[in-house]
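What follows is a short report on a single structure.
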Amino acid sequence: MKKAILAATIATLVAAPAASANVTIYGQVHVAIEKYDGFQDAWEVIQDDVWAVKSIASRIGFKGTEDLGNGLSVIWKAETTYDFADGSAWGSGRNAYIGLAGDWGTFLYGRHDSPYKMAYYSTGIEMMGDTILDFKRMGDNMHNGSDLEDIEFWRGDRYNGAIAYISPNMNGLTIAGAIVPGANSGGPGGDGLADAVSLAAMYANNGLKLAMAYESNEDGDDDSWLVGASYTMNNMTLAVTYNEDSGMDDGGGDHEALLVAGSYRAGNNNFVVKYGDDLDSDSDWVWGIGVEHALSKRSMAYVAYADSQDDDSALSVGMIHKF
């Protein structure tokens, strides 16, 4: 009896601070079995018929708010990756910040997606994102960095030390801006408060989504801009994004890219097709098809296939669970 009372007391004391602080624990488990043709191994040898089990953007996070009164709240988030393929914890850092929120919008600072990246994703262009149909994976990661048939484009970054403002939703329009001090921007010799700059405008209303964004590094020589749009009618969605990049992508140089994605939902199934084209003179392209099946509101299974101009391809079968 005494042990039961003691255990209950300890549980109450531990739970009380979390409850009063309004802390939410959340995350995602995403693991796939994948086969690659045109894969660069650890010894930089290009191989075909390579199989792998991959944990893709699996994560765990903590977030919370505190009501300060008069419509003002403190907000914070701490999120990190967890590898379900090899069991390694606390991998690469994701968004982690603290800030203030009110009727006037949100101010935050820490590690956060740039407004440019927010705009890129806001139209829904990354249907079946993080899977092998993710444009970044089709254009680069599919080949493990071997640069086989890459499509060069800039979708923004997640910056350390970002100082950001996000406006409230104004009849469908949201505006966001961020600056990154030189010591956090990762560029050479930066020492100012705004050595990297990112700006975005996003609109959503009645099935229509629009986005515009601009991002530059500390010296202004490297920059990128994009425009994107999508429209949903009944069970069908079509999304298009155009990007001009000057040195922001890891590949360097000037690039133009056109990304197109479409989906059709039928019951618990969602069918997706995607195409990306690097619009340079030596144009490289990738395409992919996939279907995802909802097992529940929080769990799904999928199968996807991606191919490129040189027939370097990938097949992926995976499951995603959100909590």
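Details
- Inter-label distance, Tyr26 to Leu100: 2.4 nm, where each label sits 7 Å from its Cα along the C-beta direction.
- Other residues lying with their Cβ under 14 Å from the Cβ of His321 contribute a combined charge of +2, Lys and Arg counting +1, Asp and Glu -1.
- Computed over the alpha-carbon atoms, segment 56-102 gives an Rg to Rh ratio of 1.18, Rh here being the Kirkwood radius from the mean inverse distance.
None of the figures in this text is laboratory data; all of them are computed from the coordinates on show. Only a predicted model underlies this, so the values are computations on that prediction, with no experimental measurement involved. Using ideal geometry, Cβ is built from the backbone for each residue, glycine included, and neighbour counts are taken over all protein chains shown.
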